[in-house]
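Throughout, read-outs are computed from the coordinates displayed, never taken from laboratory work. All values derive from a computational prediction rather than experimental measurement. Reconstructed Cβ throughout: ideal geometry from the backbone, glycine too, with neighbour counts over all protein chains shown.
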Amino acid sequence: MSEKILFLTGKLAQRQLERILSSMKPEFSYRINQIGVNVAALMSESIIMRRLSKNQDFDRIIVPGKFRGNLKKLSNFFNVPVERGPDDVTNIPDYFGMKLVEDKLINYECDIFAEIVDAAVLSIPQILKISKKYKKDGANVIDLGCMPDTKFEHLEDSVKAVKSLGLKVSVDSANNDELIRGGKAGADYILSISEKNKHILDKIKSIPILIPAKQGSLKSLERIVEIMIKNKKDFFADPILDPIHYGFARSIDRYIKLRKKFPKIKILMGTGNLTELTDCDSIGTNMILMGLVSELSINAVLVVQVSNHCKNSIKETDAARKIMYFSKKNQRLPFRVNNNLMCLAERKPKRKSKKELKEIKSMVKDKNFRIFLSEDGINVFNSEIYTNGSDPYDFFEKMNVNDDANHSFYLGVELARAQIAYQLGKDYDQDNELNWGIAVEKKKQNLFKRPETKVTQKK
């Protein structure tokens with residue numbers, strides 16, 4: 001007869017726990033009891049004993065790892081063993097000696113329009129090269145950006161060339177003639193149409209992105225939306241996301257109101273006014289924006305990556321939309337789903353304790369230097385030397401490698417990596433590059449093919 005286990009949890013972790021246990025297909029039978037608190041760690045002995053029947057038909061009860069109550073007291077009360085599970089619900093499979101089948105993050109519900117902002121002054125081969133990269137990074141639509149007072153003589157050819165790659169194309173211009181030219185050339189979408197220029201839709205078949213006739217005018221956008229609905233025409237509506245201190249909060253409110261009034265229409269949001277015009281790494285900004293996109297069921301985003309600090313915005317948006325889709329589908333927080341967007345620091349960096357370092361040191365019988373991080377800095381040792389510091393220069397005189405250029409070079413590389421990892425709160429694994437998430441494309445390393453000058457053996 002299989003073991004019967006009762007899991008106690010809180011509101012936020014319930015869905016995730018259900019999904020994990022279901023995917024495990026355990027040999028034991030189980031039931032999950034959501035005890036009535038948001039955060040599982042906040043449940044107390046009194047809450048458990050008050051809200052859970054004393055007579056439980058289970059072989060054991062498992063409480064969250066961060067529960068700090070008296071387990072013995074609870075065991076006596078329920079007359080069955082009460083145990084602490086892992087601190088993190090995602091470690092439940094490990095707790096039972098099983099491996100969780102990981103969900104692949106491949107699905108999403110929001111398309112990416114990737115804008116080539118200076119397409120008018122680029123050659124067709126240049127446009128195609130960028131389009132291929134954007135496609136690889138996750139773009140669904142290539143947006144050809146026209147430029148004020150700049151002729152785009154090869155607009156038609158550019159539209160056809162990008163479409164030959166199997167990509168959809170949009171044309172983005174404030175010039176009606178360019179929108180018409182792009183539409184007649186086969187552009188799938190045109191940006192942007194308002195009450196002022198809606199007449200050009202009679203001349204082309206492209207799907208329009210609708211915007212307010214006047215900056216911030218939600219009413220004008222609603223009017224043209226109602227016209228398109230009445231005429232049974234396809235479209236996207238974009239209330240326009242404004243930069244911080246230039247109407248940012250009000251613009252979010254416009255998206256909320258638009259979705260509330262028209263729950264079934266397609267909405268597009270341009271993210272560049274926030275990513276490009278805010279001095280911070282774009283990774284977190286794109287993640288938060290895609291959270292907003294997910295909550296409001298926004299159907300597409302227009303992404304630009306002009307500034308260097310936004311050079312990976314398409315990749316970041318692609319990763320974020322997949323995380324948000326997974327989170328929304330499984331009714332869980334976008335937390336501990338995937339680490340690709342955690343580029344600068346680990347959630348909990350791995351650090352060796354003094355006891356662990358002492359044990360490792362005792363097993364070292366050669367002169368090769370081992371490098372580990374602890375809470376108090378960088379630790380370097382071999383069979384003869386043990387030293388600690390936080391700066392590579394702290395070690396030079398202590399390691400006695402002045403006469404060994406090869407070894408000095410190697411140690412310089414590794415100590416620099418260790419310093420960066422220690423300063424930022426990242427994991428460090430000797431002989432391996434630091435993990436920068438989605439910010440740096442991962443390359444396969446073959447330690448056996450390194451040049452002979454990078455030897456690790458101290459003479």
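Values for this structure:
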{"read-out": "DSSP-assigned coil residues among trypsin sites (Lys or Arg not before Pro) in the stretch 244-301, each with at most 15 further Cβ atoms within 10 Å", "value": "Lys264"}
{"read-out": "Pairwise FRET efficiency - Val413 versus Lys361, Cβ, R0 = 22 Å, nearest 0.05", "value": "0.50"}
{"read-out": "Of the trypsin sites (Lys or Arg not before Pro) in the stretch 154-194, those whose Cβ has at most 10 other Cβ within 10 Å and which sit in DSSP loop", "value": "none"}
{"read-out": "Convex hull volume per residue for the chain, taking Cα atoms only, in Å³", "value": "228"}
{"read-out": "Likely footprinting exposure, Ile116, Ile193, fewest C-beta neighbours within 10 Å first", "value": "Ile116, Ile193"}
{"read-out": "18 Å Cα-Cα reach of Lys214 towards aspartates and glutamates, excluding residues that sit fewer than 8 places from it in its own chain", "value": "Asp172, Glu195, Glu222, Glu226, Asp238, Asp242, Asp253"}
{"read-out": "Partner lysines for Lys358 [C-alpha distance under 18 Å; skip if fewer than 8 residues away on the same chain]", "value": "Lys350, Lys367"}
{"read-out": "Folded to 0 to 90 degrees: helix 218-230 orientation relative to the chain principal axis, Cα", "value": "70"}
{"read-out": "Gain upon complete extension [Ile229, Asn400; 0.36 nm per residue less C-alpha separation]", "value": "53.8 nm"}
{"read-out": "Inverse of mean 1/r across different Cα pairs in the stretch 119-203, Kirkwood, Å", "value": "12.9"}
{"read-out": "DSSP-defined antiparallel bridges as percent of all bridges, the chain, nearest 5", "value": "20"}
{"read-out": "Charged-residue dipole, Cβ positions (Lys, Arg, Asp, Glu), the stretch 111-329 about Cα centre, Debye nearest 20", "value": "980"}
{"read-out": "Cα-projected label distance for Asn38 with Asp149, points at 7 Å along beta-carbon direction, nm", "value": "5.3"}
{"read-out": "Cα pair distances exceeding 17 angstrom across the stretch 256-335, given as percent", "value": "46"}
{"read-out": "Of Lys4/Lys25; Lys163/Lys264; Lys11/Lys266; Lys168/Lys322; Lys151/Lys233; Lys198/Lys266, pairs whose Cα-Cα distance is over 22 Å", "value": "Lys163/Lys264; Lys11/Lys266; Lys151/Lys233"}
{"read-out": "All-pairs Cα distance distribution in the stretch 111-329, expressed in whole percent, bin size 10 Å", "value": "8, 34, 39, 18, 1"}
{"read-out": "Inverse mean reciprocal Cα-Cα distance (Kirkwood Rh) of the stretch 354-454, Å", "value": "14.6"}
{"read-out": "Residue-averaged [θ]222 nm for the chain, counting only DSSP H segments that reach four residues, each worth -39500 (n - 2.57)", "value": "-10500 deg cm²/dmol"}
{"read-out": "Over the chain, relative contact order from alpha-carbon pairs under 8 Å, at least 6 apart, %", "value": "10"}
{"read-out": "Residues in the stretch 49-83 that a label on Asn91 would reach, taking backbone N under 18 Å of a point 7 Å out along Cα→Cβ", "value": "62-69, 83"}
{"read-out": "Rounded to the nearest 20 debye, dipole of the chain from Cβ charges on Lys, Arg, Asp, Glu", "value": "1660"}
{"read-out": "Relative contact order, percent, the stretch 9-98 [alpha-carbon distance under 8 Å, six or more residues apart]", "value": "30"}
{"read-out": "Dipole in debye (nearest 20) - the stretch 20-99, about Cα centre, beta carbon charges: Lys, Arg +1; Asp, Glu -1", "value": "260"}
